[in-house]
1. Return the distance in nm (one decimal) between the two label points of a simple spin-label model at residue 173 and residue 62, each offset 7 Å from Cα along Cα→Cβ.
2. Quick check for the chain: number of Lys pairs with alpha-carbon distance under 18 Å, counting only pairs 8 or more apart or on different chains?
3. What number comes out for accessible area per residue over the chain if the probe is 1.4 Å? Units Å², please.
4. State the percentage of accessible surface on the chain attributable to carbon and sulfur atoms; use a 1.4 Å probe and exclude ligands, DNA and RNA.
5. Pick from 97, 113, 156: which is most flexible by mean-square fluctuation in a GNM of the chain where alpha carbon atoms under 10 Å apart are linked?
6. Residues with amide H under 5 Å of residue 149's amide H, sequence separation 5 or more or different chain, H placed in the peptide plane at 1.01 Å from N; which?
7. What length, rounded to one decimal in nm, is gained on full extension from residue 25 through to residue 46, with 0.36 nm per residue of separation minus their alpha-carbon distance?
8. Run lengths n ≥ 4 of DSSP H only: what is the helix-derived mean residue ellipticity at 222 nm for the chain, with -39500 (n - 2.57) per run over all residues, to the nearest 500?
Amino acid sequence: MAFTSIQYNRFKDHPNLEWLRRNAASSRAIHQNTIRAKIEEAIRSAYPDRATEDNIRWVAQKVDTPWGSPHRPIEQYLGQVHQQAVAEIEGSDAQMAQAVRMVFNKTADGRSAPGTSGINHIHVGGNAQLNLLFDLASATILGVVNGHMDGQMKPAIRTESIKVASRKGGATVQMKVSGNTVSQA
């Protein structure tokens, strides 16, 4: 029999279960042995004799972690990024990962970057203050401009967009998007 709500409350905040929840929320693949070990330890912290297969499966569902079936690997997307833009986009940010993924998949049309030729930009996370500039023809990411880009943009923003756009044709690095993480391939 699975746990009652009162029984589950005794260990639901265990650090292992918190870790599993965080990783499940970020779509990270977790090996089945790791899932089992973490859940087993959490259960044993409250009920030393109740770490059965059924209870592990029940807790896995509670923390939204797949258990007992093959876990679908996270798709990876590869693309080119100007070497000076690596630090600007690298990291674990869901909105940045989505924008980079769109450029790599060539599903990001964006709009032209004012004052540039052949360079488009998309808003990261729908925020017009954070723009990802890319070469539409080659789907190469050139960098990030912080500030609203339009025909009447501030001189500092115009200077920044011209600087980022000038990276077109420069040295690139292959990068990947895996889940919500952008990193070097």
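1. 4.3
2. On the way: 12/38; 12/62; 38/62; 106/168; 106/176; 154/163.
The number of close lysine pairs in the chain is 6.
3. On the way: 9970 Å² over 185 residues.
That works out to 54 Å² for each residue.
4. Numbers: 4830 of 9970 Å².
Here carbon and sulfur together make up 48 percent of the probe-accessible area.
5. 156
6. none
7. Working: separation 21, 0.36 × 21 = 7.56 nm, distance 2.49 nm.
Gain on extension, residue 25 to residue 46, equals 5.1 nm.
8. Values: 7 runs with 67 residues, N = 185.
Rounded to the nearest 500, it is -10500 deg cm²/dmol.
The values are calculated or read from the model by the stated rules, or taken from the named source; none is laboratory data. Since we're looking at a predicted model, the values are computed, not measured. Cβ coordinates were reconstructed from backbone atoms using ideal geometry, including for glycine residues, and neighbour counts include every protein chain displayed. The protein model used for the area step is the full one, side chains on, heavy atoms only, and it has no ligands, DNA or RNA in it. Shrake-Rupley method; radii C 1.70, N 1.55, O 1.52, S 1.80 Å.
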